[in-house]
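Scroll down for the structure; my scribbles are underneath it.
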Amino acid sequence: MIFYLKQMDDSKINAATARILLSTKRKSRQYSIYEIASDILFLKNETGSINHVAKLIGISTGMLNQFLSVFKLPSEIVELIKQRKIESVSIAHHLAKFNNNDAIQLAKYVINEGLTSQELRNILPYRRKNLSEPVIDIIKRVLDSKNIKVSVIRFTSSDLKINISEFELKVTELIGKENFLAIEKSNTNIDLKITPIGEKILREIAKKKKVSFQELIKQIIK
Amino acid sequence: MDITKVLEVLMKDIKLQGSNVRSDLDSPNSKEGLNELAQNISVNGLLQPIVLRGENGKPPYDVIVGQRRFLAHQVLGTETIKATFSGEIDNMNALLLSLSENMCRQEMNYEDTQRAITTLYTYYDKDEKKVQSHTGFSIRMIRSYVRIEEQATEKIKDLLKKGLSMADAKRAIDASQGDREKADALIDEILKLTTYEKKRLVESSSKSPKASVAELVSDAKKPKWEETIVINLPTEISNAVRKATEKLSIDAEQLAMDVLVSWLKTNDFLLEANG
């Protein structure tokens, strides 16, 4: 290690190292992942290997290689990364595993639809087995197969005197039909089942009205 | 024998005799990589010598470590290559030496890794920790290889050699519940499913071990509802919660957790040590 460091320009090494250390955590990242990847590549060339970089800055080779996968991406996506529209190194790493055309389409989904790195990871094996299908169909097929997340808003017995159809109408007016899933009644409870987006909309309405979530639901029932 | 002493060895004295664990050198990926390596060596020279089996002066020598570097020299048509000698070592030690080198480099194919791990597993009398120390693989990964070797059908093993993922192989084994014919039928279906559907298929099979392949696939294709229950409390309870959170300066989620833990402990559903 000492052998390598002696041959390097200390100021450049220190600057690159500092930038990397300041920016490895996504929430407090000061530089784009492209800039970090460039620093890692610089250190790799200076020290001779990614293992030396890992020892120098105390970050695993796995994580460093994820950053370096930025350089395998097509220029269109690199541009999005430079603009900081894509901030997740895991997403960049997974996009780099697709061919360029697929990666560009998927990057659009990441930015516009919030496609996650886990979803990208699950799309990849299905894509590899279905190369002749348009990538848009592949994305839809995989996402449609996901379990549906449901927010269940449960009313206890004291709230049971409600007009179900009126309640459904009011809820769908607020959150949209696409976010309403069901109202189920049992002997003791009524469950309003909506999508997490629907729940988010209701919570935002409550925030705007400066009432609690429970208070908003009660207002809707009344 | 000094393994660190680097010598220039004639290429014609080296013959590949199978001491190296790698057998995937004819694949398109390997050939492409080999050409890249040859180009790199022609520019930078050979940075790390290869390791030959045997003693200097007693050719032919076999390559234990550095088979790709040797083949890259063949591509370049060089007369000599930098090498060190291991001395006379037995087959198992040659395998270990070759394995430890290759595990750290370009990913080995399934067949080579499987053979190496199961050979070591048998040699070390099923001691997973010894296999781990020689290969760097996790115990979980070693168990996966061993389990597949012991439980997979010939069809699944054959598909693994052709690129089937170990995860899919394990899914077929798990979902078949020990029925080998079912495993063979399941693997064909698993390949058509998305990752989310594959997970549901394995879950369904554990709940309904006797379900047919068609039933399992049909169930797997139906997305399930993952419910998060938001309880809308009656007014008096809601007010009491608000008072408590203000007085205790904690948020409602923490209060709910404390109450839940307390109730579970009081009613003997949660042991004190786990609380």
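The values are calculated or read from the model by the stated rules, or taken from the named source; none is laboratory data. Since we're looking at a predicted model, the values are computed, not measured. With ideal geometry, Cβ positions are generated from the backbone for all residues, glycine too; neighbour counts draw on all protein chains shown.
Regarding B:Glu203, is this residue within 14 Å of chain A (Cβ to nearest Cβ) and of a type outside the set (Phe, Trp, Tyr)?
yes
For B:Leu233, state whether it is hydrophobic (A, V, I, L, M, F, W, C), away from chain A (no Cβ under 14 Å) and in contact with a Ser or Thr (Cβ under 9 Å, 6 or more places away or on another chain).
It is false that B:Leu233 is hydrophobic (A, V, I, L, M, F, W, C), away from chain A (no Cβ under 14 Å) and in contact with a Ser or Thr (Cβ under 9 Å, 6 or more places away or on another chain).
Can you tell me which residue is modelled with the highest pLDDT among those in segment B:63-82 that are in a strand (DSSP E or B) and buried (at least 20 other Cβ atoms within 10 Å of the Cβ)?
B:Ile81
Give me the residue from segment A:143-164 that is in contact with a Lys or Arg (Cβ under 8 Å, 6 or more places away or on another chain) and within 30 Å of A:Val110 (Cβ to Cβ) and, out of that set, modelled with the highest pLDDT.
Only one residue fits best here, namely A:Ser145.
Tally time: how many residues in segment A:165-188 are in a loop (DSSP other than H, G, I, E, B) and either closer than 17 Å to A:Ile148 by Cα or modelled with pLDDT of 90 or more (or both)?
Counting residues in segment A:165-188 that are in a loop (DSSP other than H, G, I, E, B) and either closer than 17 Å to A:Ile148 by Cα or modelled with pLDDT of 90 or more (or both) gives 1.
Looking at segment A:116-126, which of its residues are buried (at least 20 other Cβ atoms within 10 Å of the Cβ) and more than 9 Å from every other protein chain (Cβ to nearest Cβ)?
A:Glu119, A:Leu120, listed by residue number.
Of all residues in segment A:78-124, which are touching a residue at least 12 places away in the same chain (Cβ under 8 Å) and of a type in the set (D, E, K, R)?
A:Lys82, A:Arg84, A:Lys85, A:Glu87, A:Lys97, A:Asp102, A:Glu119, A:Arg121, listed by residue number.
Among B:Ser23, B:Ser100, B:Ser30, B:Ser19, which is crowded, with 20+ Cβ neighbours inside 10 Å and at pLDDT below 80?
Result of the check over B:Ser23, B:Ser100, B:Ser30, B:Ser19: B:Ser19.
Residue-wise test of (1) closer than 20 Å to B:Val217 by Cα; (2) free of Cβ contacts under 8 Å to residues at least 24 places away in the same chain.
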residue: B:Val146; (1), (2): no, no
residue: B:Asp168; (1), (2): yes, no
residue: B:Arg180; (1), (2): yes, no
residue: B:Ala183; (1), (2): yes, no
residue: B:Thr195; (1), (2): yes, yes
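Would you mind telling me which numbered condition in (1) within 30 Å of A:Glu178 (Cα to Cα); (2) within 11 Å of another protein chain (Cβ to nearest Cβ); (3) of a type outside the set (Asp, Glu) A:Lys129 fails?
Among (1) within 30 Å of A:Glu178 (Cα to Cα); (2) within 11 Å of another protein chain (Cβ to nearest Cβ); (3) of a type outside the set (Asp, Glu), the lone unmet condition for A:Lys129 is (1).
I need every pair where a residue in segment B:230-252 that is more than 17 Å from A:Gln219 (Cα to Cα) has its Cβ under 8 Å from the Cβ of a residue that is among the hydroxyl-bearing types (Ser, Thr, Tyr) and at pLDDT 80 or above, sequence separation at least 6 or different chains.
As it stands, the answer is B:Asp251/B:Thr245; B:Ala252/B:Thr245, since those pairs meet every condition given.
For segment A:72-92, state whether one or more residues are more than 24 Å from the chain's Cα centre (by Cα) and either crowded, with 18+ Cβ neighbours inside 10 Å or part of a helix (DSSP H, G or I) (or both).
No - not one qualifying residue is present in segment A:72-92.
Checking A:Pro134 against (1) modelled with pLDDT of 95 or more; (2) in contact with a strand residue (DSSP E or B) (Cβ under 9 Å, 6 or more places away or on another chain), which single condition isn't satisfied?
Looking at each condition in turn, A:Pro134 falls short on (2).
When A:Asp191 is evaluated against the numbered criteria (1) farther than 30 Å from A:Ala103 by Cβ; (2) in a loop (DSSP other than H, G, I, E, B); (3) within 11 Å of another protein chain (Cβ to nearest Cβ); (4) not small (Gly, Ala, Ser), which criterion, by number, is the only one it fails?
(2)
Name the residue, out of B:Lys126, B:Lys162, B:Lys130, B:Lys157, that is within 30 Å of B:Lys5 (Cα to Cα), free of Cβ contacts under 8 Å to residues at least 60 places away in the same chain and surrounded by fewer than 18 Cβ atoms within 10 Å (Cβ to Cβ).
Just one listed residue meets the conditions, B:Lys130.
Select the helices (runs of 4 or more DSSP H) contained entirely in segment B:201-267, then report the ones holding at least 3 residues which are exposed (fewer than 12 other Cβ atoms within 10 Å of the Cβ).
B:235-248, B:252-266
Would you mention how many residues in segment A:49-60 are surrounded by fewer than 15 Cβ atoms within 10 Å (Cβ to Cβ) and part of a helix (DSSP H, G or I)?
2
List pairs: first in segment A:140-151 and more than 7 Å from chain B (Cβ to nearest Cβ), second surrounded by 20 or more Cβ atoms within 10 Å (Cβ to Cβ), Cβ under 7 Å, 6+ apart or cross-chain?
A:Leu143/A:Glu119
Would you check which residues across segment B:166-181 are crowded, with 21+ Cβ neighbours inside 10 Å and either modelled with pLDDT under 95 or more than 14 Å from chain A (Cβ to nearest Cβ) (or both) and list them?
Across segment B:166-181, the qualifying residues are B:Ala172, B:Ile173, B:Ala175, B:Ser176.
Those residues that are of a type in the set (Ser, Thr, Tyr) and surrounded by 12 or more Cβ atoms within 10 Å (Cβ to Cβ), I need them from segment A:166-222; list them, please.
Once the filter is applied, which keeps residues that are of a type in the set (Ser, Thr, Tyr) and surrounded by 12 or more Cβ atoms within 10 Å (Cβ to Cβ), segment A:166-222 yields A:Thr172, A:Thr195, A:Ser212.
If a residue has to be within 12 Å of chain B (Cβ to nearest Cβ) and in a helix (DSSP H, G or I) to count, how many in segment A:207-218 make the cut?
6
Which one of B:Glu197, B:Glu226 is at pLDDT 95 or above, out of contact with any Leu (no Cβ under 7 Å at 6 or more places or on another chain), within 12 Å of another protein chain (Cβ to nearest Cβ) and more than 24 Å from B:Gln114 (Cβ to Cβ)?
B:Glu197
Here are B:Gly136, B:Gly178: which of them is out of contact with any helix residue (DSSP H, G or I) (no Cβ under 8 Å at 6 or more places or on another chain) and small (Gly, Ala, Ser)?
B:Gly178
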